[in-house]
Amino acid sequence: MTTLVMFSGGLDSTAMLYKLLTGSADELHVHHVHLRNRDGRARAESDAVAAVLAWCRAHCRPFSFSESALDFESLRAIPIDYLAVAYAACQVAIDVPRCNRIAIGTLAVDLDEVKRKVTQKQRRVFDAMYACYRERKLGEPVIEWLYPVYELTKAQVAQSLPAELRAVAWSCRRPVPVEGGYRICGECKPCRKRAEVSAQLQIAL
Ligand SMILES: [Zn+2]
């Protein structure tokens, strides 16, 4: 059976992927959704995904990979990430033979009072869609959801990764365009958290 790893290229999902590659023997299918919206971080994430996967292919064990894109750049509102991920995960779970597990890199510490039901809500969206495919006799009867880094703090996430992966995983929500590329904004919540963990552990992050 195969585990579908929903991979954003961020620090948390990189820690999840690295943990599954090095700490399990599960057959893995990694999937990245290019989420294009007004935040404008799709390119930075896509570069991070390429760099993380190249490192993992060279230093870990084999896995398969696919990608998809959802483009909402012309909208004013920014669509909720976990809904987009649930939608894409359903399509990929149907596409990957014998896929019966879905791994998500959510961290409990990121879920405040408002967000604490995110994982259930994401599964509810997935389940409603998946049921439509099951009616057509597609997919597996039971899907198990894994949260391999759920209990970790941000510092533990950072510590769990080799320096090379820490350096290429992307976290900034609103990258700033600069000549020839982009840079982190340094002000969004993930940027501030990375700086805090970097200072706390005295490591480059
Ligand atoms: Zn930022």
How do the pairs read when you match residues in segment 160-188 that are under 15 Å from G9 (Cα atoms) and β-branched (V, I, T) with residues anywhere that are in a loop (DSSP other than H, G, I, E, B) and within 11 Å of the ligand (Cβ to nearest atom), using Cβ under 7 Å and keeping only pairs 6 or more apart or on different chains? I184/C172; I184/P175
Filter segment 48-81 for residues that are under 15 Å from the mean Cα position of the chain (by Cα) and at pLDDT below 95; which is surrounded by the most Cβ atoms within 10 Å (Cβ to Cβ)? D81
Condition met for L4 (farther than 20 Å from C172 by Cα and either part of a strand (DSSP E or B) or touching a residue at least 12 places away in the same chain (Cβ under 8 Å) (or both)): yes
Subset tally (residues that are touching a Pro at 6+ places or on another chain (Cβ under 9 Å) and of a type in the set (A, V, I, L, M, F, W, C)) for segment 94-143: 2
Restricting the first residue to segment 107-132 and requiring it to be under 28 Å from T153 (Cβ atoms) and among the small types (G, A, S), which pairs with a second residue that is surrounded by 14 or more Cβ atoms within 10 Å (Cβ to Cβ) and at pLDDT 90 or above meet a Cβ separation below 9 Å and a spacing of at least six or different chains? A108/Y147; A108/Y150; A108/L152
Do you know which residues across segment 162-204 are of a type in the set (A, V, I, L, M, F, W, C), closer than 21 Å to V109 by Cβ and more than 13 Å from the ligand (Cβ to nearest atom)? L165, A169, V197, A199, L201, I203
Given the conditions (1) surrounded by 12 or more Cβ atoms within 10 Å (Cβ to Cβ); (2) in contact (Cβ under 8 Å) with a residue 24 or more places away in the chain; (3) away from the ligand (no atom under 14 Å from the Cβ), every one holds for Q156 apart from (2)
Taking segment 45-66 as the region of interest, how many residues are in a helix (DSSP H, G or I) and touching a Ser or Thr at 6+ places or on another chain (Cβ under 7 Å)? 2
Against the condition buried (at least 16 other Cβ atoms within 10 Å of the Cβ), closer than 18 Å to I143 by Cα and without any contact (Cβ under 8 Å) to a residue 60 or more places away in the chain, how does I94 come out, does it pass? yes
Restricting attention to segment 29-43, the residues that are crowded, with 23+ Cβ neighbours inside 10 Å and either in a helix (DSSP H, G or I) or free of Cβ contacts under 8 Å to residues at least 40 places away in the same chain (or both) number exactly 2
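The values are calculated or read from the model by the stated rules, or taken from the named source; none is laboratory data. Please read all numbers here as calculations on a predicted model, not as lab measurements. When we count neighbours, we look across all protein chains shown, and the Cβ atoms used for this are built from the backbone with ideal geometry, even at glycine.
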